[in-house]
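Engineer: Shown below is the structure under consideration.
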Amino acid sequence: MSPLSKAQLCHQAEQLVDFINKSPTPFHAIDVCRNWLRGANFTELKEKQSWCGAIKPNGRYFFTRNGSSIVAFAVGGKFRPGNGTSIVAAHSDSPCLKLKPVSRKSGAGFLQVGVQLYGGGLWHTWFDRDLSVAGRVMVNDGAGGYTSRLVQIEEPIMRIPSLAIHMDRSANEAF
């Protein structure tokens, strides 16, 4: 394999930044990957349906679960049903602050929301900076059911203030 040129490296870096910007949540990342795979001529399979007869030699396939996981695979030209397979995997979640389902609060003249920690984040790095909101919401589909929609608010609308030093004298002890 020959080394990449500077132009190729720059192009790959731009693609990565574009992916990151389009993927503020795991749900968004999976949606971006789903669209990329469709554009690369992968066939989407339904996990809960039989794949008998659907998997063909030299085929390219993927399926998703819950909008938060995606599995893609390519089948070699010598594929025969029952042969073994190799799988490479990764995860799409990362530390974040999640809005609690019933989170609206108010106090001191501000509208507040309750959040919960997810993962092992460096939480102090989230304090005193502009934050936006992104994720998946469930909405009434008008036919008696619900459907999910991805949302991303581009503008910063939240801030998590750090405590004043006199409220937490131990704040600087860990540094």
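The values are calculated or read from the model by the stated rules, or taken from the named source; none is laboratory data. Note that the structure is predicted; figures quoted are calculated from it, not measured. Positions of Cβ are backbone-derived with ideal geometry, glycine not excepted, and every protein chain shown enters the neighbour counts. These area figures cover heavy atoms from the full protein model, side chains too; ligands, DNA and RNA do not enter into them. Shrake-Rupley method; radii C 1.70, N 1.55, O 1.52, S 1.80 Å.
Engineer: Using Cα atoms only, what is the angle between the long axis of helix 26-39 and the major principal axis of the chain, expressed in degrees (0 to 90) to the nearest 10?
Structural biologist: Once rounded, one gets 30 degrees.
Engineer: Run the accessible area of region 67-175 with a 1.4 Å probe and give the carbon-and-sulfur part as a rounded percent.
Structural biologist: Roughly 55 percent, rounded to a whole number.
Engineer: Ignoring everything but the protein chains, give the 1.4 Å probe accessible area of residue 91 in square angstrom, nearest 10.
Structural biologist: My reading of the accessible area for residue 91 is about 150 Å².
Engineer: Can you tell which of 19, 68, 103 lies farthest toward the positive end of the dipole of the chain, using +1 and -1 charges on the Cβ of basic and acidic side chains (Lys, Arg; Asp, Glu)?
Structural biologist: Farthest along the dipole direction, towards plus: 68.
Engineer: If we sort 108-120, 19-31, 148-160, 77-89 on the protection proxy, mean other Cβ atoms within 10 Å, highest first, what's the order?
Structural biologist: So the peptides 108-120, 19-31, 148-160, 77-89, ranked by packing, come out 19-31, 148-160, 108-120, 77-89.
Engineer: When N is the residue count of the chain, what does its C-alpha Rg come to as a fraction of 2.2 N^0.38 Å?
Structural biologist: 1.41
Engineer: Short version: ³J(HN,Hα) in whole Hz for each residue of region 157-170, in order, from phi by Karplus 6.51 cos²θ - 1.76 cosθ + 1.60 (θ = phi - 60°), x for Gly and Pro, what are they?
Structural biologist: Couplings: 10, 9, 7, 10, x, 7, 6, 4, 4, 6, 8, 8, 5, 8 Hz.
Engineer: Arrange the residues 65, 104, 38 by how much accessible surface each exposes, largest first, with a 1.4 angstrom probe.
Structural biologist: These residues rank, largest area first, as 104, 65, 38.
Engineer: Tell me what the chain gives for mean residue ellipticity at 222 nm when only DSSP H runs of n ≥ 4 count, each as -39,500 (n - 2.57), the sum divided by the residue total, rounded to 500 deg cm²/dmol.
Structural biologist: Taking each H run of at least 4 residues, the total per residue is -6000 deg cm²/dmol.
Engineer: For residue 130, tell me the accessible area in Å² from a 1.4 Å probe, rounded to the nearest 10.
Structural biologist: 100
Engineer: At 1.4 Å probe radius, can you tell me the per residue accessible area of the chain in Å²?
Structural biologist: I get 79 Å² per residue for the chain.
Engineer: Report, in debye and to the nearest 20, how large the dipole of region 1-80 comes out about its Cα centre when Lys and Arg carry +1 and Asp and Glu carry -1 on their Cβ.
Structural biologist: Dipole about the Cα centre, nearest 20: 400 debye.
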